[in-house]
Amino acid sequence: MENQLGLLRVRIIRGINLAIRDLRSSDPYVVVTMGKQKLKTRVVKKNANPEWNEDLTLCISEPILPIKLQVYDKDTFSYDDKMGDAELDVVPFIDAVRMTRFKNIPNGVILSRIMPRLQNCYSEESCIVYENGKVVQNMFLRLRNVECGEIQLQLQWIDVPS
């Protein structure tokens, strides 16, 4: 891929107060898409507060597309139920990565802050930080098109040798 910028590790940490789609609970999993790339977590049975702690890796290239997260309830005998979705603009994160190139940045420096707004899915302030030689962002995303639920995730940049 000629316009490849690097790899983005998306750690899907957990779901919080996800919608109930079965009798008393749900069997949630997350689908992460970016352009034609599509990855998914494992199903966590009977849990509205699942912990995945799964790393999914996306190839980032120009033009930079948003990451879409969709949460589903796994069903055996019917189509999986939708449990909400979120969209994440990674341009601020990529800009922070570019800012760290060829610079000696001390550990723990906040490179950028992103505030929750109507136009994004952040449920609280999120900081892009330089930690142990890596650019990292922890966040909570509010799910849309559903009555409740959030997803906690972390982004981490992986440089690809040229």
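What the table below lists for this structure:
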| quantity | calculated |
| --- | --- |
| Alpha-carbon centroids, region 66-133 and region 11-63: separation in whole Å | 14 |
| Neighbour-limited loop hits for trypsin sites (Lys or Arg not before Pro), region 91-150 (at most 16 other Cβ within 10 Å; DSSP other than H, G, I, E, B) | Arg101, Lys103, Arg117 |
| Dipole of region 1-59, positive end: most advanced residue of Leu8, Ser26, Thr57 [Cβ charges, Cα centre] | Ser26 |
| Degrees separating the helix 91-100 axis from the principal Cα axis of the chain, which is the longest one | 30 |
| Region 18-99 - charge dipole about Cα centre, Lys and Arg +1 at Cβ, Asp and Glu -1, debye rounded to 20 | 220 |
| Size of charge dipole - the chain - debye, nearest 20, with Cβ of Lys, Arg +1 and Asp, Glu -1, no other charges | 160 |
| Accessible-area composition of the chain, carbon plus sulfur, in percent [1.4 Å probe] | 49 |
| Residue pairs, from the table Lys40/Lys68; Lys82/Lys134; Lys40/Lys82; Lys38/Lys103, whose Cα atoms sit over 23 Å apart | Lys82/Lys134; Lys38/Lys103 |
| Rel. contact order, % - alpha carbon contacts under 8 angstrom, at least six apart, the chain | 27 |
| Accessible area per residue in Å² at 1.4 Å probe, computed on the chain | 58 |
| Distance in nm between pseudo-label sites at Arg101 and Leu39 (7 Å out along the Cβ direction from Cα) | 2.3 |
| GluC sites (Glu not before Pro) restricted to region 65-162 and DSSP loop, no more than 13 other C-beta within 10 Å | Glu124, Glu125, Glu147 |
| From the coordinates shown, Rg and Dmax of the Cα atoms in Å corresponds to which of (i) 17.2, 62; (ii) 16.4, 56; (iii) 18.5, 56 | (ii) |
| Low-density loop positions, chymotrypsin sites (Phe, Trp or Tyr not before Pro), region 22-97 - DSSP coil, at most 12 other Cβ in 10 Å | Phe77, Tyr79 |
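The values are calculated or read from the model by the stated rules, or taken from the named source; none is laboratory data. Everything numeric in this text was worked out from a predicted model, so none of it was measured. As a convention, Cβ positions derive from the backbone with ideal geometry for all residues, glycine included, and neighbour counts pool all protein chains shown. Quick note on the areas: whole protein, heavy atoms, side chains included, nothing else; ligands and nucleic acids left out. Shrake-Rupley method; radii C 1.70, N 1.55, O 1.52, S 1.80 Å.
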